[in-house]
1. Give the residues of region 111-123 that are surrounded by 17 or more Cβ atoms within 10 Å (Cβ to Cβ) and either of a type outside the set (S, T, Y) or not assigned by TED's automatic domain parsing to the domain that holds I41 (or both), sorted by residue number.
2. I need the full set of residues from region 123-182 which are of a type outside the set (A, V, I, L, M), part of a helix (DSSP H, G or I) and over 20 Å from G33 (Cβ atoms), in order please.
3. Can you spot a residue in region 54-76 that is at pLDDT below 75, in a helix (DSSP H, G or I), touching a helix residue (DSSP H, G or I) at 6+ places or on another chain (Cβ under 9 Å) and under 24 Å from V152 (Cβ atoms)?
4. Can you run down the residue pairs with Cβ atoms below 9 Å, 6 or more apart or on separate chains, where the first is in region 1-17 and more than 17 Å from L190 (Cβ to Cβ) and at pLDDT below 95 and the partner is charged (D, E, K, R) and surrounded by fewer than 15 Cβ atoms within 10 Å (Cβ to Cβ)?
5. May I ask you to say which residue of I168, I203, I158 is over 22 Å from the mean Cα position of the chain (by Cα), of a type in the set (A, V, I, L, M) and within 23 Å of Q123 (Cβ to Cβ)?
6. Does K85 satisfy the criteria of being under 12 Å from the mean Cα position of the chain (by Cα), of a type outside the set (F, W, Y) and either outside the structural domain of F155 (by TED's automatic domain parsing) or modelled with pLDDT under 80 (or both)?
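The values are calculated or read from the model by the stated rules, or taken from the named source; none is laboratory data. Since the structure is predicted, the reported quantities are computational estimates derived from the model, not experimental observations. Virtual Cβ from ideal backbone geometry, glycine too; neighbours counted across all protein chains shown.
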Amino acid sequence: MNGTAHAAIGAAAGYVVANTVHASPSTTLLLIGLGSVSGLIPDLDIDGKLRDRLTLSHEVVRTVAQIIGILMIIYSFYEGSPKEKWLGIAIGIGMTAISAKIRQKHMLTITGIGVLAGGISLQELWLILFGIYILIASFVSHRSYTHSIPGVIFFGFIASRFETSLGIEGVFYTCLAGYISHLIADLKLLPFNKRGIKLFLPISSKEI
């Protein structure tokens, strides 16, 4: 199922939760939005719309890193002691060489580190955990751990901390329902899915 369908189903889940908790119009809009985003979260493990919007373009980061590396080489060549000069040039060359290998899939890892650092700085547990989730998603294969029961439990804990932080009723159930709706829509049991999900990882890797 494509991202648009997942987002729509998640938004519908948010609307149902909003009506269940008798949310105000503004809170209803918030829950619909959260449901839509939560419906896309499991697919952070593959290149797609949400990953692209969450991360910067790898081309931008690569270009900036290369410019910094070149400037460091030039600066080190004209300034500093002989030891500092060669060390600076070596670091500049290293940055330029490494940045040339940056791809979009690496950007999610960088984003996860950034979110984790932001969570630590702000002392927000849900943000710290979400940073860890993003990091995990950047390394696992598609439709594996982010599409499993452990993934649901981990994201559910993030959602519960997020609701506590916001103090808005319905956030937890909306995020959890949106996330679970994605997994249900990806089940192999549905006739339009050629592949399923590994729901019972790490106990079983069988797709259902």
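1. G112, V115, L116, G119
2. Across region 123-182, the qualifying residues are G131, S138, F139, Y145, T146, H147, P150, G151, F154, F157.
3. Yes: region 54-76 contains one or more residues that are at pLDDT below 75, in a helix (DSSP H, G or I), touching a helix residue (DSSP H, G or I) at 6+ places or on another chain (Cβ under 9 Å) and under 24 Å from V152 (Cβ atoms).
4. Listed pairs, sorted by first residue: A7/K49.
5. Of the residues listed, the single one that is over 22 Å from the mean Cα position of the chain (by Cα), of a type in the set (A, V, I, L, M) and within 23 Å of Q123 (Cβ to Cβ) is I168.
6. So K85 fails the test.
Rundown of residues vs (1) within 15 Å of the chain's Cα centre (by Cα); (2) at pLDDT 85 or above, yes/no style:
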| residue | (1), (2) |
| --- | --- |
| S26 | no, yes |
| L30 | no, yes |
| V37 | yes, yes |
| K49 | yes, no |
